[in-house]
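What follows draws every value from the coordinates through simple rules; no lab data is involved. Please read all numbers here as calculations on a predicted model, not as lab measurements. All Cβ positions, even for glycine, are placed from backbone atoms using ideal geometry, and neighbour counts span all protein chains on display.
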Amino acid sequence: MREPVFTEVLKILDGKFYNLRFHLERIFRTSTAFYPEPVHIDLSESDIPPEYRKGIVKCRITYSGHVTGVEYRHYRFRTVRRLKLVADDTIDYAFKYADRRDIDTLFSQRRDCDDILIVKNGCITDTSFSNVVFENSSGLYTPASFLLAGVKRRSLLEQGVIREKEIKAEDVRSYSKLYIINAMTDIGDNISVDTSNLV
């Protein structure tokens, strides 16, 4: 049986890692769940190639029982204007697997939308590549029924910027806006969709 392969994506801004501790903790948790020994990786900002020390850079780590790759590339925010709600009650993405075939299958159902918003057992979870945060007059809320426990999501919860709440598919119209959040994207980047554009 082949070992599962996992990825971790970190944001680098002007040569500095963001939320590094949370990423290393997730690598530790994931690797100890699947392998006899935890995977250790020493990430030093001095190891960032000089050409990737300015601007926003995506660092992608691939690992199984050991680190198999570290890649860097300059990052540009995605454009997301419309999301297609797609239901799947069996999908499981509790760990950040490199194999995304199940998510890709759902993504292929997006039709003329930019991405999907996955509904599991009637509850809102994530898009194909991010956690989400909903906004209404009472504040900012992230679904309690997420698929992947994202690092940015954890950071915003610990800071008290967002709160966790069960959000069902029929509840989305009670919010005005949905924000995309992940390791590379914060609420302040305003990668967002009006809930009228949830299809």
* To do: Please order 88, 42 by the number of other Cβ within 10 Å, starting at the fewest.
  => 42, 88
* 132, 70, 86 arranged by Cβ crowding within 10 Å, fewest neighbours leading -> 70, 86, 132
* **Overall form of the chain per C-alpha gyration tensor (a/c, 1.5; a/b vs b/c)** => prolate
* Asked: For residue 192, what is the net charge nearby, where nearby means another residue's Cβ is under 14 Å from its Cβ and Lys, Arg count +1, Asp, Glu -1?
  -> -2
* Structure fact -> Full extension between residue 154 and residue 138 adds, at 0.36 nm per residue less the Cα distance, a length in nm of 3.7 nm
* Structure fact -> Here the residues of segment 9-41 lying in the modelled label zone of residue 98, meaning backbone nitrogen under 17 Å from a point 7 Å along Cα-to-Cβ, are 9-10, 27-28, 30-32, 34-35, 39-41
* Picking from 54, 120, 11, which is most flexible by a Gaussian network model of the chain using Cα springs under 10 Å? -> 54
* Asked: Relative contact order, percent, of the chain when contacts are C-alpha pairs under 8 Å separated by at least 6 residues?
  -> 19 percent
* Structure fact -> Going fewest to most other Cβ atoms within 10 Å around each Cβ, 115, 104 line up as 104, 115
* Asked: Helix 20-34 sits at what angle to the longest principal axis of the chain, using alpha carbons and giving 0 to 90 degrees rounded to 10?
  -> 90 degrees
* Structure fact -> Kirkwood Rh over alpha-carbon pairs of segment 83-197 plugged into Stokes-Einstein at 10 °C, 1.306 mPa s gives a D in µm²/s of 113 µm²/s
* Asked: Using 0.36 nm per residue, how much length does the chain from residue 46 to residue 77 gain when fully extended, once their Cα-Cα distance is taken away?
  -> 8.6 nm
* Structure fact -> Extension length gain for residue 105 and residue 35 (0.36 nm per residue less Cα distance), in nm, is 22.4 nm
* Asked: Given springs between every Cα pair under 10 Å in a Gaussian network model of the chain, which of 136, 182, 19 has the largest fluctuation?
  -> 136
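Please report the antiparallel percentage of the DSSP beta bridges confined to the chain, to the nearest 5.
80 percent
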